[in-house]
There are 2 protein chains.
Amino acid sequence: MKTIATLEPLTTRLLEIQRINSAASLLSWDQETYMPAGGGEARAEQIAVLQGLAHQKLVSPEIEQLLSQWIDPATGRALEQPGDGWDEPARSLLREVWRDFSRAKKLPSQFVMTLSRETSLAQQVWAEARKQDKFAMFLPNLRTILSLKREEAQYLGYKESPYDALLDVYEPGSTVASLRPLFAQLKARLVPLLKRVMDSTVRIDDSMLRYSYDQARQLEFGRLVLIAMGYDFERGRLDLSAHPFTTSFHPTDVRVTTRVFEHELQSCLFSCIHEGGHGLYDQGLDQRYYGTPLGDSVSLGIHESQSRLWENCVGRSRAFWRFFYPILQQTFPHQLRGVDREQFYAAINRVQPSFIRVEADELTYNLHIMLRFEIEQDLIEGRTQPDELPGMWNRKMEEYLAITPPKDADGVLQDVHWSLGSFGYFPTYTLGNLYSVQFFEQAKREMPHLEDEIAAGRLMVLRRWLEQKIHRWGRMFTPDHLAQRVTGSSVSPEPFLAYLEKKYGELYQL
Amino acid sequence: MKTIATLEPLTTRLLEIQRINSAASLLSWDQETYMPAGGGEARAEQIAVLQGLAHQKLVSPEIEQLLSQWIDPATGRALEQPGDGWDEPARSLLREVWRDFSRAKKLPSQFVMTLSRETSLAQQVWAEARKQDKFAMFLPNLRTILSLKREEAQYLGYKESPYDALLDVYEPGSTVASLRPLFAQLKARLVPLLKRVMDSTVRIDDSMLRYSYDQARQLEFGRLVLIAMGYDFERGRLDLSAHPFTTSFHPTDVRVTTRVFEHELQSCLFSCIHEGGHGLYDQGLDQRYYGTPLGDSVSLGIHESQSRLWENCVGRSRAFWRFFYPILQQTFPHQLRGVDREQFYAAINRVQPSFIRVEADELTYNLHIMLRFEIEQDLIEGRTQPDELPGMWNRKMEEYLAITPPKDADGVLQDVHWSLGSFGYFPTYTLGNLYSVQFFEQAKREMPHLEDEIAAGRLMVLRRWLEQKIHRWGRMFTPDHLAQRVTGSSVSPEPFLAYLEKKYGELYQL
């Protein structure tokens, strides 16, 4: 039986590439957290050099030669000789390296560096444009990035839509054709559910979330929850950034960020829990496989399922607050003295169409994604031009959520993704929502006392389950295979919709 | 006339190498400031990969081929054809690239990576050993590093002493033979001066420096002084680290660190000024030359001259405190109410043999360096073994300063340098002290009102002078040539000794 040990000449090279990529990730983390304003241009070039190098090394003749010994270049499958097969980890590793290699091979290194440089720069322009509420300031960069991403889709190749080539990068196997029915099913039940909620006579008061909350104490509480979740601060950090994110340089150095506003208690709180969910995934990857696909997360959809599971299924549940609400009350005794646990639970689950995706409730959230999914298709397929975006955005907001953003900063300029060139990324958020409920329901089936554990503040039991079922496997299985292994079925909107209908049906007495 | 433009195929490659090196520097900065404890091993490997890559690229056949078109490999001089010479920047650039290339060429890339990895790891062991006051814990790493550095000296080659090969890395042109007479002259006048000071009947009270000072306010004051010096926070940061240092990733991103102790007012204050001096040098380098030797600092001795000039000639002068003492008093009104400016000036200039080099006064400081210079020679030349170090250290402390460290943490374990493999680095501190006074005296000659400017808080006039005379030239001139250009003579102990004898003669009424 041939094992990963057989692949040592390959894994040594992959390890070097991973270290270069990890270095580039630290440069990006620093750009978002501590870099002085003047350092942006030099930083963009430094990251571009590292990403260019990593790319060159991946598509090098040495790696191609190694792979061609073991893999059928036509199918990407490991070559088997009778009586001398590969074990499953080795076969998975080859499959996934082939995936990365063959995709990278299609992109010229020069293109990779240009894209890296342009996105680092565009990100800084976008931040300023959003601050000044000037879409026109960002438009030239957006045009450049869009044109590069359309070029990328041509390099990568696709059967039906160029957008498929980009979707597959973030969520292996996903296509416009597979996502459209999911979104259609969601729309068919979410829009009526939203209408019933809005028509309900129940009025939820969430004004207490906007009292004044000391920022240092908010952060302290966020840290406390992260520790309870099992996020290891010996192998991680919590910092501030304009937009919360998680990044990892190795399972022993996984960093999360948050933001904190005096008058928005839920912002710091839920971004800590959300990013903590991402952080647990990255801390839970198998260190022995660092540098290989088996030591990497399987897809953005699965990654997002971890953050949303913790943020929503746990962090917005009654069970969670049974334990944590008394601590939150002690942390903010004046603000929360007169607010009982049930009122607080209702407040953090209030449904209200709003402009900003990351602040959306669980019900309207996927409508925000649907809007972006449709716009991205139109952009990548060339039906829409970047200058038409503000109008298009506002019309769709009106259509899905019956509200119109008062300014572009709260509309089309709100997300960092397009400046990063991350077209095709948004749909993974919706996949993450669907997976999160599917996984959580499975966890409850396997651990009937899970909610009691959560209610007692013992979150580690859930963390361990996720680690065993999902984190430790890296890219051993495809996302779909993983979902089937863990829950017995592929991704489906049904558990998610049932969960929302039950939750809001009860909360709004529908 | 051939110019730097002629060298474009070379400078493009150098720029890529510099960007890799800058990325490695950010990884090191992060290691010392924000990296979680668990991340150390992975980080050591990441830095090693980047440094190995940068080394490989520098010694690549492409660069060798380019250089051999323009340079005589025997002498390192630019080849001149009649009527078609190089201008001075191009000639300097070639000279310095040749210096870097020919040295790097002598080291196998594998050796560079091993040294990088071992020093990253040793640094972490050293920090722990110092904390626990256990020299034995650090000894195995020290043995490894020493043996690697002796190997490096063999690779690099030398005429008289293997230590010369290491000295030359930090201070081009310096050798044991050139440094010994400098140290002898210093010893001949510093030891008697110290004796006279200690025998003086003048007693300086510095107890006010050990009152309780709010740490945040100390940092605020440090920032204020940095701003007054002209350190640009749009292109820099001030962070905390166990040992203050300065690092630069580009002239637009130069970072300094400090440390702050509640009961040691001078620690944060003078490390801010000291590192600020380093920071001004790096911010003052010419951006157009980034990536080439002309955009790099000329030597560690000259670099240290900038930090010591600001720390001592400026920061420990009466003129400086004429402006800043009232502000310091306002910052700490309770602690400094009864202390007048002259008392404060005396306190920060009190001479007192002490264990820790970085806290030493200007008089005893070079005796600390002399001790290290002698020990390093013995280690590199093989006359002393690492396990003999604690005894040797303590004997020399007794001989030069008449004190014996109570523990190794305050003795042989106090400096990070050996863990970093920086043998040959310490003498540049003494050179920096000598240069600092030599430069400052020259600045006063050229700007007779300099002290009045300083006394009015207008420090920018000095910063501009240093930038014009020193910073902007990078490695255009050798350190010795630069000193001659700026002051009319090579480095000499005379101005430094005269400065100390005057300063302490007056303070201690000798």
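The values are calculated or read from the model by the stated rules, or taken from the named source; none is laboratory data. Keep in mind it's a predicted model, so treat the numbers as computed, not measured. All Cβ positions, glycine included, derive from the backbone under ideal geometry; neighbour counts span all protein chains shown.
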Determine, yes or no, whether B:F249 is out of contact with any Lys or Arg (no Cβ under 7 Å at 6 or more places or on another chain), surrounded by 17 or more Cβ atoms within 10 Å (Cβ to Cβ), within 13 Å of chain A (Cβ to nearest Cβ) and on the phi < 0 side of the Ramachandran plot. yes
When you scan region A:38-57, how many residues do you find that are buried (at least 24 other Cβ atoms within 10 Å of the Cβ) and over 16 Å from A:F111 (Cβ atoms)? 3
Those residues of region A:209-246 which are within 14 Å of another protein chain (Cβ to nearest Cβ), farther than 19 Å from A:E467 by Cα and over 22 Å from the mean Cα position of the chain (by Cα), in sequence order: A:A216
When A:M35 is run through (1) in a helix (DSSP H, G or I); (2) crowded, with 19+ Cβ neighbours inside 10 Å; (3) within 9 Å of chain B (Cβ to nearest Cβ), the failure sits at (1)
Of the candidates A:T114, A:T119, A:T75, the one satisfying the condition of being among the hydroxyl-bearing types (S, T, Y) and either at positive phi or under 24 Å from the mean Cα position of the chain (by Cα) (or both) is A:T119
Can you spot a residue in region B:399-406 that is modelled with pLDDT under 95, part of a loop (DSSP other than H, G, I, E, B) and closer than 30 Å to B:Q509 by Cβ? yes
I'd like to check something: does region A:67-88 contain any residue that is closer than 23 Å to A:S109 by Cα, crowded, with 18+ Cβ neighbours inside 10 Å and more than 8 Å from every other protein chain (Cβ to nearest Cβ)? yes
I'd like to verify a number: residues in region B:312-323 that are surrounded by 22 or more Cβ atoms within 10 Å (Cβ to Cβ) and either part of a helix (DSSP H, G or I) or assigned by TED's automatic domain parsing to the domain that holds B:W98 (or both), how many? 4
Of all residues being closer than 15 Å to B:F135 by Cβ and acidic (D, E) in region B:382-412, which is nearest to the chain's Cα centre (by Cα)? Just the residue, please. B:D410
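A quick yes/no check of all residues on (1) part of a loop (DSSP other than H, G, I, E, B); (2) of a type in the set (D, E); (3) in the same structural domain as B:P493 (by TED's automatic domain parsing):
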site: B:P326; (1), (2), (3): no, no, yes
site: B:Q330; (1), (2), (3): no, no, yes
site: B:H334; (1), (2), (3): no, no, yes
site: B:G338; (1), (2), (3): yes, no, yes
site: B:R350; (1), (2), (3): yes, no, yes
site: B:S354; (1), (2), (3): yes, no, yes
site: B:E362; (1), (2), (3): yes, yes, yes
Hey, any hits in region B:423-432 for a residue that's under 30 Å from B:T201 (Cα atoms) and assigned by TED's automatic domain parsing to the domain that holds B:H278? yes
Look at region A:461-494 and say how many of its residues are over 16 Å from A:E446 (Cα atoms) and either touching a residue at least 24 places away in the same chain (Cβ under 8 Å) or not in a loop (DSSP other than H, G, I, E, B) (or both). 16
Single residue of B:E128, B:E64 found to be of a type in the set (D, E, K, R), closer than 28 Å to B:G474 by Cβ and either away from chain A (no Cβ under 14 Å) or under 27 Å from the mean Cα position of the chain (by Cα) (or both): B:E64
Out of (1) among the hydrophobic types (A, V, I, L, M, F, W, C); (2) under 17 Å from the mean Cα position of the chain (by Cα); (3) farther than 26 Å from A:I227 by Cβ, what's the single condition that is false for A:L379? (2)
Residue pairs within 6 Å by beta carbon, gap of at least six or interchain, first lying in region B:419-430 and surrounded by fewer than 24 Cβ atoms within 10 Å (Cβ to Cβ), second not in a helix (DSSP H, G or I), listed first then second, are B:Y425/B:H417
Determine whether region B:460-470 contains at least one residue that is basic (K, R), more than 30 Å from B:K187 (Cβ to Cβ) and crowded, with 23+ Cβ neighbours inside 10 Å. no
Do the conditions hold for B:R99, that is, is it in contact (Cβ under 8 Å) with a residue 40 or more places away in the chain and either among the polar types (S, T, N, Q) or surrounded by fewer than 21 Cβ atoms within 10 Å (Cβ to Cβ) (or both)? yes
